[in-house]
Amino acid sequence: MVTFAVLALVVGMLWLAASLVGFIFKLTFAVVGSVVGLLAGMAGLMLGGLVLLLVAPVLALALLPLAMPALIVMALVWLVVRAARGSHAAPTVTAR
């Protein structure tokens, strides 16, 4: 019975040691993986922003024919509102 208890204790200690090694590996790879993922996300945002800066003007020019009617209507409304305001004289300040 004592032999079985010693054997169970040795197996249990080996099990705990292997479990601790596994936990350390898992923690290490989780930290390294999260740092690499964070750096990759930051690089992706930077490259995505640069691509957006390059593509946005081309896309705006490509969509200009579709937006032209709305731009013309907005320009006409602006002209009508501006013409309806009239010219106002600047207020004069009287000295006392």
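Here, each number is a calculation from the coordinates, and none is a lab measurement. What you are looking at is a predicted structure, and each value in this text was computed from that prediction instead of being measured. Neighbour counts are summed over all protein chains in view; Cβ atoms, including those assigned to glycine, are modelled from backbone coordinates with ideal geometry.
Given the criterion surrounded by 10 or more Cβ atoms within 10 Å (Cβ to Cβ) and free of Cβ contacts under 8 Å to residues at least 24 places away in the same chain, identify the matching residue among 61, 66, 50. Sole residue among the options that is surrounded by 10 or more Cβ atoms within 10 Å (Cβ to Cβ) and free of Cβ contacts under 8 Å to residues at least 24 places away in the same chain: 50.
Here is a check on your reading of the model: is residue 3 surrounded by 10 or more Cβ atoms within 10 Å (Cβ to Cβ) and on the phi < 0 side of the Ramachandran plot? In short, no.
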